[in-house]
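Just so you know, all these numbers are worked out from the coordinates, no wet-lab data involved. No experiment lies behind these values; they were computed from the predicted model shown. Cβ sites come from the backbone with ideal geometry, for glycine too, and all protein chains shown count toward neighbours.
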Amino acid sequence: MAFQCQRDCYMTEFVTSVVSCCPADIQHEVNGKKETIKGFHVKLQDTILFPEGGGQPDDRGLIRDVEVLRVTRQGPDAVHLVASPLQVGQEVQVKVDWERRFDHMQQHSAQHLVTALADSMFGFKTTSWELGRQRSSIELDTPCMKAAQLKALEEAVNEKIRAHVPITVQLLSIDDPAVEKVRSRGLPDDHAGPIRIVDIEGVDANMCCGTHVANLSHLQAIKLLGAEKGKKNKTNLLFLAGNRVLKYAERSYSTERSLVTLLKTGAEQHVEAVDKLQKSVKQLQKTNLSLLRDMAVLIAHNFNNEPHRGNFFSFHKKDGDNEFMNIIANEINTEETLVFLTVGEEKGAGLFLLAGPAGPLRELEPRVLELLQGKGAAKNGRFQGKASSLNRRAELEGLLRQRCERLATEQE
């Protein structure tokens, strides 16, 4: 059978009845992470909520006041995944999240149109497609797509939109001779019921289970963002359709206005302005690195020239890196002096280096990792790594100082 959502893609509310409701573990995505929750699988007499299929994601909506978290297809049935139970036999009102549904209709119909014209104009066959959250892509069986071809294809698809070409849906039996004449990538193994044909008048007839607009004019516009090298000598064609084009233009304009304020230039000069900034930053980084190296040498020399320097040296700097710490360690005789260096935020993450006599160094390594919540490795008389927190640095410095004082007393 065809679901009500496939018979009338524009229906937003529908009254039906609950056929079954069974407990189930539900994989639900929360903030990009999948979580397993206790829920229910609900089957309805019919539904306006589309189960995922044909490259199109599933719908969202409500059954009564119960949120539908996902809709899947099992043979001839649509299974609605919900968090709360529904009474079998009761009459319920189903509402679809129309903004999500219409977006999917626009992207899916746009894919059919782009696929058909890419084939008829250039012989580029579609091997797969993906309806993404931000943009969609069509995998074309060609190693490359030239800029002129991309431009011609975009002009052609938008000309069809302006021509108000209708889209119709037919339901045919699987043995109908007409089925053999339409484009198809095959039926799923568990397919049941009639074959659904989506026909863009005079352009393309394609076997498809998804929801579509009734006329190409409802697509508003299609923007081909570009073509990228795909897998196995194929090309990925990126596109936006309908409301996504408007949202993309809005985001782009907002970004442009922000850049005008930040860069103090017109939009046409943004690339040049950013290029100059990047070159300036690189030069500043080189200068800063040179200054850090000179500072590291000076810090070490000041310690070496201190008459009462002792056998322990500790230093922390917010700005710095491993090279900065190693330069300091290189300039100090670590066979006689225990050197403890850190860089980073005083209460946050950072880097550490401990260098000194081999015996004390090995003894202190576990305590260093514990207090700095760090990870590190020893090599060539130095123990260095990353610290998750420098919050207890002062405590560690005191412990190291005491160890050096005790060692000095033992040697006397």
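Each residue in 108, 316 was given a count of other beta-carbon atoms within 10 angstrom of its own, and listing them fewest first yields 316, 108. Once the convex hull of all Cα atoms in segment 4-96 is built, its volume per residue stands at 100 Å³. Quick one: if the Förster radius is 41 Å, what FRET efficiency do residue 45 and residue 201 give, using the C-beta to C-beta distance and rounding to 0.05? Calculated value: 0.80.
At a Cα cut-off below 19 Å, give the aspartates and glutamates reachable from residue 347, other chains included and same-chain residues fewer than 8 away excluded. Candidates past the 8-residue exclusion: 319, 321, 370, 395, 397. Taking the convex hull of the alpha carbon positions in segment 330-412 and averaging its projected area over all directions gives 5.1 nm². Of interest is the spacing of the C-alpha centroids, which for segment 262-320 and segment 21-37 amounts to 49 Å. Of all the options 206, 302, 215, the one that moves most in a Gaussian network model of the chain with Cα springs shorter than 10 angstrom is 302. Placing R0 at 25 angstrom, the Cβ-Cβ distance between residue 336 and residue 377 gives a FRET efficiency of 0.60 after rounding to 0.05. Result for the chain in a Gaussian network model with C-alpha springs under 10 Å: among 278, 106, 134, the largest mean-square fluctuation is at 278. When restricted to Cα atoms, segment 102-250 yields an Rg and a Dmax of 15.1, 48 Å, respectively. By how many nm would the segment from residue 135 to residue 363 grow when fully extended, if each residue of separation counts as 0.36 nm and the alpha-carbon distance is taken off? Working it through step by step, the gained length comes to 76.5 nm.
What pairs from 43/95; 125/231; 229/282 go past 21 Å between their alpha carbons? 229/282, as the Cα separations exceed 21 Å there.
Spin-label point model (7 Å from Cα, Cβ direction): what's the residue 34 to residue 386 distance in nm? In this crude label model, residue 34 to residue 386 measures out at 2.7 nm.
Here, the chain has an Rg and a Dmax of 33.1, 103 Å when only alpha carbons are counted. The stretch between residue 273 and residue 229 holds 12.9 nm of extra length on full extension. This uses 0.36 nm per residue minus the Cα-Cα distance.
Under a 5 Å amide H cut-off, with hydrogens placed 1.01 Å from N, residue 213 pairs with 109 among residues at least 5 apart or on other chains.
Of all the options 147, 378, 118, the one that moves most in a Gaussian network model of the chain with Cα springs shorter than 10 angstrom is 378.
Any chance you could check the Cα centroid distance between segment 206-232 and segment 359-412 for me, in angstrom? The distance from the Cα centre of segment 206-232 to that of segment 359-412 comes to 61 Å.
Assuming R0 = 30 Å, can you tell me the calculated FRET efficiency for the pair residue 291 and residue 346, based on Cβ-Cβ distance, to the nearest 0.05? Calculated transfer efficiency: 0.90.
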